[in-house]
Every structure is written in structure tokens, then in C-alpha cells.
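S.K.: Below: one structure in C-alpha cells.
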Amino acid sequence: MQPILEYRLLKAHESFESLYYYNSIEFEEILARRECEFFVKDGITYQQTSSAIEANETIIYVKKYEQSEPDRIENEKAISLEYREFNARKDHPIIKKERHSFHLDVLHKIGAVYHYIEAVEWERDSAEIDEDRMTYVLYLTPTGFELKEGEDE
């Protein structure tokens, strides 16, 4: 049975409206998307409020978080993952970029709490799937801990 993903928007009085429906999606991508607290599409950032499973359909419930002009890039075959510092005053600067072949690789990364980038420890704040830019984004904050020479990274 083909997995299905649906995003539903929280409306007034605890009602919901179907926003986006994906009936041709890999199960691994559903898992990676469900790990993301934010979802960006058409310039609107949605915040995940919960998720549910109904038969073979996964539903991610969202509410509008913010809106801006959409950023568009050409569709690429590789799955993009950006590591960004969680710092709005600096416009969330990019720390590192990666390309992956599988959504499970992305899920493995965005599901971890701590990351070590150039010997600096970073703690996960949140993650998003940005469909406008066709990339996952992992927001991190530095912990102040640095690996010393000779320690594993």
C-alpha cells in the first residue's frame, strides 16, 4: 500500500482544512518531514502542532507561523541539508551544507540532539523542510564545548 501524507491547517474552533496532499511519497520522506517542527511552502512557514496516522495516511497538523516572499531554486536530485545557527539577529547563518541520496540519511542527522562541526559542539533547536528551496534546515545553537585534539569528532 502506497503511503500518503497530508498537511492540515488548524483553523478556528479546533477545525482543520486540508492544505497539501502527497499520494506519491516515500515512507522515509514522511518520517523525515514528521521530524521537522516547521514546513515552508509558497512563502508561508507553518509550525507543526501534532501528527496522526489514519490507515496508510500520515497527517501533519500545522498552524501558520510567518509569511514572506518564497525563495525558489531549481529542482535537484540530491536531498539538501543546511546546518544553520539559530540566531535571528544574524539571519540564521549557514554553518555547513550537505547533500544526501536518501531521506533516511537526513532523518538520521535531524533527529540527533548534538552535532560536532569543526570540533565545535552544537545543540539542535529545530528542523524544517523548505519546499520552496527544496532543502531541509537544521537550526543549532553552540553549547560552548569544543573537542580537544585527539578526541573523536
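The numbers here are math on the coordinates, done by the rules we state, and not lab data. Being a predicted model, the structure only gives us computed values, none of them experimental. Every residue, glycine as well, gets a Cβ built from its backbone with ideal geometry; the counts of neighbours run over all protein chains shown.
S.K.: Across region 92-136, what fraction of all alpha-carbon pairs, as a whole percent, falls in each successive 5 Å bin from zero upward?
M.R.: Percent of Cα pairs in each bin: 5, 16, 29, 32, 15, 4, 0.
S.K.: In what sequence do 1, 134 fall when counting other Cβ within 10 Å, fewest first?
M.R.: Listing 1, 134 from fewest to most nearby Cβ atoms yields 1, 134.
S.K.: If the viscosity is 1.306 mPa s and the temperature 10 °C, what Stokes-Einstein diffusion coefficient in µm²/s follows for region 66-153 when Rh is the Kirkwood radius over Cα pairs?
M.R.: It comes out at roughly 113 µm²/s.
S.K.: Among bridges DSSP assigns within region 4-67, what percent are antiparallel (round to 5)?
M.R.: Antiparallel: roughly 75 percent of the beta bridges in region 4-67.
S.K.: If you don't mind, there's one more thing I want to ask. With a 10 Å Cβ neighbour count serving as the proxy for reagent exposure, in which order, fewest first, do 146, 6, 128 appear?
M.R.: Taking fewest neighbouring Cβ atoms as first place, the list is 146, 6, 128.
S.K.: Would you list which aspartates and glutamates come within 17 Å of residue 77, measuring only between C-alpha atoms, while excluding same-chain residues fewer than 8 positions from it?
M.R.: 26, 28, 29, 98, 105, 130, 131, 132
S.K.: Do the alpha carbons of any pairs in 63/97; 63/109; 41/64; 41/63 sit beyond 22 Å of each other, and which pairs?
M.R.: Exceeds cut-off: 63/97; 63/109.
S.K.: For residue 138, what charge total do you get from the other residues with a beta carbon under 9 Å from its beta carbon, if Lys and Arg give +1 and Asp and Glu give -1?
M.R.: 0
S.K.: As a check on your grasp of the helix formula, calculate [θ] at 222 nm for the chain: sum -39500 (n - 2.57) over DSSP H runs of n ≥ 4, divide by the residue count, round to the nearest 500.
M.R.: That calculation yields -3000 deg cm²/dmol at 222 nm.
S.K.: How large is the Kirkwood hydrodynamic radius of region 4-67, in angstrom, based on all distinct alpha carbon pairs?
M.R.: 11.9
S.K.: Around residue 38, what is the net charge, scoring Lys/Arg as +1 and Asp/Glu as -1 over all other residues with Cβ under 10 Å from its Cβ?
M.R.: Its environment carries a net charge of -4.
S.K.: If I histogram all Cα-Cα distances within the chain using bins 5 Å wide from 0, what percent of pairs lands in each bin?
M.R.: Histogramming the chain at 5 Å steps yields 2, 9, 16, 21, 20, 15, 9, 5, 3, 1, 0, 0 percent.
S.K.: Using alpha-carbon positions, what is the distance between the centroids of region 100-153 and region 28-56, in Å?
M.R.: Here the two parts' Cα centres lie 19 Å apart.
S.K.: Just to confirm the filter: which GluC sites (Glu not before Pro) across region 24-100 are DSSP coil and have at most 11 other Cβ within 10 angstrom of their Cβ?
M.R.: 74, 76
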